[in-house]
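Colleague: If you scroll down you'll find the structure; I have some questions about it.
Since every read-out is calculated from the coordinates, none of them should be taken as a lab result. Just so it is clear, the structure is predicted and the values come from calculations on it, not from any experiment. Glycine gets a Cβ as well: all are built from the backbone with ideal geometry, and neighbour counts include every protein chain shown.
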Amino acid sequence: MVGLSGGVDSAVAALVLLEAGYRVHGVTFSLWTDPSLSAENRCCSAHALCSARQTAERLGIPHEVVDLADPFYRVVVEPFVAAYAGGMTPNPCVACNARLRMPMLFRLAGQWGLDGIATGHYARLVGVPPRLHRARAEDKDQSYVLARVDPQVLESAHFPLGEMDKA
């Protein structure tokens, strides 16, 4: 299962896995329903959902959209607002990946009989059990947003872009 965000990186991750012979199933999480959040670069926007759907169609893979707006608000937005109001500078992507996005990909993959999960993050997994490492392209590294993901979830994860350079 590949988490398709609607961006180029997750699309490339899906393509790399397809070309390597994997059975790929795309899933996109609907995290935010505010129509004012329509910028292309927002993983939470309606535009991102449309782009992910188009990517799946082009690649010829099944694609599902799962509504996680309520849990996203409770698990990510509310703690972010509280921390920010308390004078901290939280990173909502860290909380989202650790507490919502990656665990939900893991759960859905199991429910749907899929062997593993993948995303377009620039990160690497090394060793057995896998340990999270920086991406080869250190200027694109995103391992920090995955640092709090449960090790059991990481055991089923693949980050196909971790060894690549982003052009």
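Colleague: Touching a Pro at 6+ places or on another chain (Cβ under 7 Å), touching a residue at least 24 places away in the same chain (Cβ under 8 Å), within 18 Å of residue 30 (Cβ to Cβ) and of a type in the set (A, V, I, L, M, F, W, C): is that true of residue 105 in this structure?
Modeller: Values: touching a Pro at 6+ places or on another chain (Cβ under 7 Å): no; touching a residue at least 24 places away in the same chain (Cβ under 8 Å): yes; within 18 Å of residue 30 (Cβ to Cβ): yes; of a type in the set (A, V, I, L, M, F, W, C): yes.
No; evaluated as a whole, the condition is false for this residue.
Colleague: Also, quick follow-up: Restrict the check to region 82-96 and report whether at least one residue is closer than 23 Å to residue 15 by Cα, touching a residue at least 24 places away in the same chain (Cβ under 8 Å) and either out of contact with any helix residue (DSSP H, G or I) (no Cβ under 6 Å at 6 or more places or on another chain) or hydrophobic (A, V, I, L, M, F, W, C) (or both).
Modeller: Checked against the condition, which is being closer than 23 Å to residue 15 by Cα, touching a residue at least 24 places away in the same chain (Cβ under 8 Å) and either out of contact with any helix residue (DSSP H, G or I) (no Cβ under 6 Å at 6 or more places or on another chain) or hydrophobic (A, V, I, L, M, F, W, C) (or both), region 82-96 yields no hits at all.
Colleague: Please state which one of 118, 137, 95, 157 is out of contact with any Cys (no Cβ under 7 Å at 6 or more places or on another chain), farther than 25 Å from residue 55 by Cβ and either of a type in the set (A, V, I, L, M, F, W, C) or buried (at least 20 other Cβ atoms within 10 Å of the Cβ) (or both).
Modeller: On inspection, the qualifying residue turns out to be 95.
Colleague: Pairs needed: first member in region 60-71, closer than 13 Å to residue 2 by Cβ; second member anywhere, among the acidic types (Asp, Glu); C-beta distance under 9 Å; at least 6 residues apart or different chains.
Modeller: 63/57
Colleague: Of the residues that make up region 154-165, is at least one farther than 27 Å from residue 21 by Cα and of a type outside the set (Ser, Thr, Tyr)?
Modeller: For region 154-165, residues farther than 27 Å from residue 21 by Cα and of a type outside the set (Ser, Thr, Tyr): absent.
Colleague: When you scan region 53-164 for strands (runs of 3 or more DSSP E) that lie fully inside it, which ones turn up with 2 or more residues that are closer than 19 Å to residue 32 by Cβ?
Modeller: Working: elements: 63-67, 123-126, 131-134.
Output list reads 63-67.
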